[in-house]
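Participant: I have a structure I would like to understand better, so I am pasting it below and will then ask my questions one at a time.
FYI, it's all coordinate maths here, none of it is from the lab. The shown structure was predicted, so the numbers you read here are calculated from the model rather than taken from an experiment. Every residue, glycine among them, receives a Cβ derived from its backbone with ideal geometry; neighbour counts consider all protein chains shown.
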């Protein structure tokens with residue numbers, strides 16, 4: 001399926017329902033389905049109106065079988081932007097066909113074309129298959145960094161301080 005049968009393209013308005021369906025699949029895979037609070041319409045507004053993120057989709061035989069959701073980062077040390085992969089997901093039946101590698105290759109191409117020096121993402125520590133895949137791409141784990149999040153009640157409390 002890799003090659004001519006798989007097309008990696010920028011998401012366009014109308015793709016949001018298929019992308020959201022894959023988001024729910026990813027959340028279910030990670031035992032996080034109860035954390036999904038968005039919907040396809042919110043995704044559409046954020047991608048195509050507010051443009052807070054961008055998306056790539058992988059199509060095989062006219063069906064969207066994978067996606068990458070991207071946002072811009074910034075390196076203060078390099079004084080340049082970079083790409084944050086919020087999610088990258090390929091349906092299990094399409095993984096061995098090189099679709100994930102094709103999505104990553106397109107993300108890398110975007111970074112190089114834009115003159116951005118890095119692509120970063122997070123991976124759950126239990127997801128051995130993903131970690132092995134990323135190792136195969138030549139990705140470097142950043143063991144010295146710990147991801148942090150401020151949300152919900154703590155976010156509201158701090159904002160009103």
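Participant: What is the gain in length, in nm to one decimal, between residue 157 and residue 74 on full extension, counting 0.36 nm per residue of separation less the C-alpha to C-alpha distance?
Facilitator: 27.2 nm
Participant: Would you mind putting 56-69, 11-24, 120-133, 140-153 in packing order, based on average other-beta-carbon counts within 10 Å, highest first?
Facilitator: Most protected by this proxy first, the peptides run 56-69, 11-24, 120-133, 140-153.
Participant: Could you compute the FRET efficiency for residue 34 and residue 93, with r as their C-beta to C-beta distance and R0 at 41 Å, rounded to 0.05?
Facilitator: 0.95
Participant: Further question: Give, in nm to one decimal, the length gained when the segment between residue 63 and residue 5 is fully stretched (0.36 nm per residue of separation minus the Cα-Cα distance).
Facilitator: 19.8 nm
Participant: Here's a follow-up. Hey, rough spin-label estimate for residue 147 and residue 125, points 7 angstrom out along Cα→Cβ, what's it come to in nanometres?
Facilitator: 1.2 nm
Participant: Does the range 6-159 come out rounded, prolate or oblate, given a ≥ b ≥ c as the square roots of the eigenvalues of its C-alpha gyration tensor, rounded meaning a/c under 1.5 and, failing that, prolate meaning a/b above b/c?
Facilitator: Rounded, since a/c falls under 1.5.
Participant: Hey, what did the range 6-159 get for relative contact order, percent, Cα under 8 Å, at least 6 apart?
Facilitator: 18 percent
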